[in-house]
1. Once you list every other residue whose beta carbon is under 10 Å from the beta carbon of Met49, what net charge do they have if Lys and Arg are +1 and Asp and Glu are -1?
2. Could you work out what % of the accessible surface of the chain is carbon and sulfur, using a 1.4 angstrom probe and leaving DNA, RNA and ligands out of the count?
3. If amide hydrogens are placed 1.01 Å from N in the peptide plane, which non-local residues have theirs closer than 5 Å to the one on Ile193?
4. Might you work out the accessible area of Lys31 for me, using a 1.4 Å probe with all protein chains in place, and round it to the nearest 10 Å²?
5. What distance in nm separates the simple spin-label points at Ile289 and Tyr45, each placed 7 Å from Cα in the Cβ direction?
6. Hey, what number do you get for the chain at 222 nm if only DSSP H runs of n ≥ 4 count, each worth -39500 (n - 2.57), divided across all residues, to the nearest 500?
7. Within 14 Å, Cβ to Cβ, of Phe164, how many net charges do the neighbouring residues add up to if Lys/Arg are +1 and Asp/Glu are -1?
8. Over the stretch 1-132, give the accessible area per residue in Å² for a 1.4 Å probe, as an integer.
Amino acid sequence: MPSLKDLRNRIASVKATRKITKAMQMVAAAKLRRAQEAATAARPYAERMDKVLGNLNARANREGASALLVGNGKDQVHLLVVMTAERGLCGGFNTNIAKLARADAQRLVASGKTVKIMTVGRKGADNLRRDLGKNIVERVDLRGVRQVGFANADEIGQKLIAMFEAGEFDVATLYFAEFKSVIAQKPTALQLIPAKLPEAAAGDGKKAEAGAVYEYEPEEDKILGYLLKRNITTQLFRGLLENAASEQGARMSAMDSATRNAGEMINKLTIKYNRQRQANITKELIEIISGAEAL
């Protein structure tokens, strides 16, 4: 049975931990609002980009189309771009993204495909190192970035395009967590190369073409080639913003649970401490009374 001193030390330790988790919860809550606003603001731009690409794709000449749109004719080498956080203490946020990427990688390997992995964020590499460490070919470190911007996404996008043009992979898929709410972040896989335009986007393009006449300058093929590269950076930027909001939401939820658990543990330890203290007092009184009666 622990002594009173041990119980006092443990109570003090848990109280100190509760102060830390409470402070982290408040910091995450303060950062969440700004991150959520940025992620929400980026969604319409990315969705509109899909619609524009769908409209141009319906009008452009398919012969000689960019490989970023139609692919290079092969489906052997897959590059998985796994976006996670740089730090932990955010519940299952990093684990869930890595779990989805790991499942897809194992499925591709089982079907005879070659899998390469690019990690964006330190925790992604840490989670995948044991099973897929040999498949990691590129690591992007954003620890020194206080707030992600479009320039960070553009740098990653330029690397992806350069690797694709060099023939290092055939298909690229992005993994991130889409922010739903503070307690819900959905791990998502989005194919970047070749561009997988939603059916709704292509349909909107046909309707727009039937209902109105658009004149493009320069030609549709040239605009489409430029927008395809821009779209890769746009989707990467959206993934970074969604991850930033999801990370803060997951950390806020995790720290709230940790704070409540610490409070419950303090209550239990305090009750145990009081019972032990009362037992020691009772024991000392019994010894005093027994000694007095013996005299």
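The values are calculated or read from the model by the stated rules, or taken from the named source; none is laboratory data. Nothing here was measured: the structure is a model prediction, and the numbers come from that model. Counting neighbours? That spans all protein chains shown, and the Cβs are built from the backbone with ideal geometry, glycine included. Protein only, heavy atoms only, side chains kept; ligands, DNA and RNA dropped before computing areas. Shrake-Rupley method; radii C 1.70, N 1.55, O 1.52, S 1.80 Å.
1. +2
2. Here it works out to 52 percent.
3. Amide H neighbours of Ile193, under 5 Å, 5+ apart: Ala172.
4. 80 Å²
5. 7.9 nm
6. Rounded to the nearest 500, it is -23500 deg cm²/dmol.
7. So the surrounding residues net to -1.
8. For the stretch 1-132, the solvent-accessible area averages 55 Å² per residue.
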